[in-house]
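Q: Please find one structure pasted underneath; my questions will follow.
The values are calculated or read from the model by the stated rules, or taken from the named source; none is laboratory data. Given the structure is predicted, the values throughout are model-derived calculations rather than measurements. A quick note on method: Cβ atoms are made from the backbone with ideal geometry, for glycine too, and the neighbour counts reach across all protein chains shown. The area values use the complete protein model at the heavy-atom level, side chains included, leaving out ligands, DNA and RNA. Shrake-Rupley method; radii C 1.70, N 1.55, O 1.52, S 1.80 Å.
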Amino acid sequence: MLESAFFNLFAGLCVLSALGVVTARNTMHSVMFLVFCFFNAAGLFFLLDAEFLGVILILVYVGAVMVLFMFVIMMLEQKKDELKSSVRQYLSLGGVIAVLLLMEFVAAASSGVFVHGAHATAAHLGQQINNTEQIGQVLYTKYLLGFEIAAIILLVALIGAVVLTIRKRKDAKYQNISAQVKVRREDRVRKVRM
Amino acid sequence: MSVMDMVIQAVIWALEVLAITVPIALSVAYITYAERRVIGWMQVRKGCNRVGPAGLLQPLADGLKLFLKETIIPAKANKLLFVGAPVLALVPTLAAFAVVPFGETSLFGLWKVPHVMAISNLNVGLLYLMAISSLSVYGFLMAGWASNSKYPIMGSIRSTCQMISYEVSMGFGLVTVMMLSGSLNLSDIVHAQAGGLLHWYMIPLFPMLLVFFISGCAETGRTPFDLTETEELVSGYNVEYSGMWFATFSLAEYGAMILISLMTSILFLGGWYAPIPALDIIPGIVWLLAKTSFLIFTFIWFRATFPRYRYDQMMRLGWKIFLPWTLGWIFVVGLFIYTPGLDHIINFWLAWR
């Protein structure tokens, strides 16, 4: 009972905050709603005994990705009148996607996988089964190739981003900090006999 | 489970939360007192000694003053986020204490098996700590943005960059601890260090201890990394804050300082174990709090000793020195664990082999 109460709390808040992301006028508010949504999704993972996935969701998405989102949004200027014209521009495309998604959701919900009682109150494994270890075992044996490919793709993206944005400016003045740190008194002060 | 059981459970949870947060709030108040007295002693002056005997009531007087001050909300500020930002900064710090194990107790022999003194003995405690403590960034970002003024936004970007940069090397430092202990559970990590001073992870991971503690310094924005509150940079994200909301930010800062000290003692300094096994008759919580107090003293000592870093120096230290250094140490530890001739050296600390 406590568990289904928590499931309903997390799931309900998740849906409500997701609505908030879409409907909020202020982009900063939508980012905060999205953060809150991720939190509730992490709560759902915790209810399913998948604490590793839940914590990783918070660590990666809330702790890193959303901070970058917020950095970008902080720099943008919001224009009220532009907002209205862009709504009309994207209405048709967005509508099609929304209808398609709705159909998929209805199809998934009526497929019988999510029958009453199957949510959240799945069988519990107990604390002695460490799902961090289980995920590690599977990732590094059965799915090793896919895991390594994903890692390489991320590394390439990382280096690519650096290569694309780095540029040496001729007029910028750089300081050589190790030279600054190595300076001793003898290099700067000269004793003059008067 | 009936409704009555749920109510009892809720009351127990509330009491557990209070048992952690009230001592933290009190110790934050008295750390500010200790800080002023210790810095005074180091600089050969008195420090605060007027309010009450030896100035002991000074924190309460400061709290009262801040409480009675008017909180000014700028006219063009985003009111909701302006008011919410200090709370967003404080809550993650307090929530992180949920997994900190303060010791082990059998309640004077009542329980057969000693229980770990933590609100939640989570299997992924270390990851939870990393995840939750990285969230206070939002409070600082929001404070800068919601103030709708140029100095706070510059300050908040500066302090966010600082926090994100040092989190990376902190995380890699923790990886070496996980490699030795083979667990993410904080009480298992402490158990792996049982058996006296030589078993503590500060011996094989001494460079990581330094990196973790200095990064902790940078994370919490303490001197020498206090660019968030420098006068010459027009303070930081908190320029527009006053009264109680300003105090909430410093509460978050000092709370994070306690957390970092606790974490360093748990991960590297043997947690609740005594340096010599014979001294374990003294309760573990005394040892843990003694180690933590020493580290908090070290934080204050840093403040009295070091001049402030320049911004580019700080970024260089985080990305160009700590990051390669921690990555290199992960490589070295891995090499020692899996090379046939070398593994007998590190087997002494490997709990899982």
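Q: Relative to the Cα centre, what is the charge dipole magnitude of chain A, using +1 at the beta carbon of each Lys and Arg, -1 at the beta carbon of each Asp and Glu, and rounding to the nearest 20 debye?
A: Numbers: 18 positive and 12 negative charges, 426 e Å.
About 2040 debye.
Q: Still on this model: Here is the link list: B:Lys69/B:Lys291; B:Lys150/B:Lys320; A:Lys170/B:Lys320; A:Lys191/B:Lys46; A:Lys182/B:Lys320. Which ones come out longer than 27 Å on Cα distance?
A: Values: B:Lys69/B:Lys291 36 Å; B:Lys150/B:Lys320 30 Å; A:Lys170/B:Lys320 22 Å; A:Lys191/B:Lys46 39 Å; A:Lys182/B:Lys320 17 Å.
Listed pairs above 27 Å: B:Lys69/B:Lys291; B:Lys150/B:Lys320; A:Lys191/B:Lys46.
Q: Next question, about the same structure. Given the options B:Gly55, B:Gly139, B:Gly195, state which has the largest fluctuation in a GNM of chain B using a 10 Å cut-off (strictly under) for Cα springs.
A: Evaluated over chain B, the most mobile residue of the options is B:Gly55.
Q: Considering every residue in A:24-36, what mean count of other chain Cβ atoms within 10 Å of its Cβ is obtained?
A: Numbers: counts 0, 0, 3, 0, 7, 3, 0, 3, 6, 0, 0, 3, 0.
That average works out to 2.
Q: Going Cα to Cα from B:Lys76, which aspartates and glutamates come in below 13 Å? Please leave out same-chain ones fewer than 8 positions away.
A: Excluding near neighbours in sequence, the set is B:Glu240.
Q: Counting other Cβ atoms within 10 Å of each Cβ, which GluC sites (Glu not before Pro) in the range B:200-232 have at most 10 and sit in a DSSP loop?
A: Working: sites: B:Glu219, B:Glu229, B:Glu231, B:Glu232; in loops: B:Glu231, B:Glu232.
Here the sparse-neighbourhood loop sites are B:Glu231, B:Glu232.
Q: Compute the Cα gyration tensor for the range B:1-160, then decide on rounded, prolate or oblate, letting a ≥ b ≥ c be the square roots of its eigenvalues: rounded whenever a/c is under 1.5, prolate when a/b is larger than b/c in the other cases, and oblate in all that remain. Numbers along the way, then the final one.
A: Numbers: a/c = 1.98, a/b = 1.27, b/c = 1.55.
Here the range B:1-160 falls in the oblate category.
Q: Now for a different question. Picking from B:Val99, B:Val286, B:Val44, which is most flexible by a Gaussian network model of chain B using Cα springs under 10 Å?
A: B:Val44
Q: Right, something else. Multiplying the sequence separation of B:Ile39 and B:Asn121 by 0.36 nm and subtracting their Cα-Cα distance, what value in nm do you get?
A: Once the chain is fully extended between B:Ile39 and B:Asn121, it gains 25.8 nm.
Q: If you count, for every residue in B:123-131, the Cβ atoms of partner chains within 10 Å of its Cβ, what is the mean?
A: 6
Q: Tell me whether chain B comes out rounded, prolate or oblate; compute the Cα gyration tensor, take square roots of the eigenvalues as a ≥ b ≥ c, and use a/c under 1.5 as the rounded threshold.
A: Since a/c reaches 1.5 and a/b is larger than b/c, the shape of chain B is classed as prolate.
Q: Evaluate 2.2 N^0.38 Å with N set to the residue count of chain A, then give the Cα radius of gyration divided by it.
A: The reported ratio for this selection is 1.60.
Q: Label-point separation (nm) for B:Leu197 and B:Thr339, each offset 7 Å from Cα along Cα-to-Cβ?
A: Once both label points are built, they end up 2.9 nm from each other.
Q: Sticking with this structure for a sec: Can you list residues from other chains, or at least 5 along the same chain, whose modelled amide H is less than 5 Å from the amide H of B:Glu104?
A: Here B:Met117, B:Gly284, B:Ile285 satisfy the definition.
Q: Tell me the per residue accessible area of chain A using a 1.4 Å probe; a whole number in Å² is fine. Each step should come with its number before you reach the end.
A: Values: 15250 Å² over 194 residues.
Per residue, chain A has 79 Å² of solvent-accessible surface.
Q: For the peptides B:298-311, B:84-97, what is the packing order when you average, over each peptide's residues, the other Cβ atoms within 10 Å and list the highest mean first?
A: Order by mean packing, descending: B:84-97, B:298-311.
Q: To continue, here is another question. To the nearest whole number, what is the average tally of beta carbon atoms from other chains within 10 Å of the beta carbons of peptide A:59-67?
A: For peptide A:59-67, the averaged partner shielding equals 5.
Q: Over the range A:1-111, what percent of the accessible surface lies on carbon and sulfur atoms, probe 1.4 Å?
A: Ligands and nucleic acids excluded, carbon and sulfur give 74 percent.
Q: Answer rounded, prolate or oblate for the protein assembly as shown, using the Cα gyration tensor with square roots of eigenvalues a ≥ b ≥ c: rounded when a/c is under 1.5, else prolate when a/b is larger than b/c, else oblate.
A: Rounded, since a/c falls under 1.5.
Q: From the helices alone, meaning DSSP H stretches of at least four residues, give me the mean residue ellipticity at 222 nm for the protein assembly as shown, per-run term -39500 (n - 2.57), in deg cm²/dmol to the nearest 500.
A: Only helices count here, giving -21000 deg cm²/dmol.
Q: Most mobile of A:Leu68, A:Leu101, A:Leu47 per a Gaussian network model of chain A (Cα springs, under 10 Å)?
A: A:Leu101
Q: Also, quick follow-up: Send over the Kirkwood Rh of the range B:1-60, from the inverse of the averaged 1/r over different Cα pairs, rounded to one decimal Å.
A: 14.1 Å
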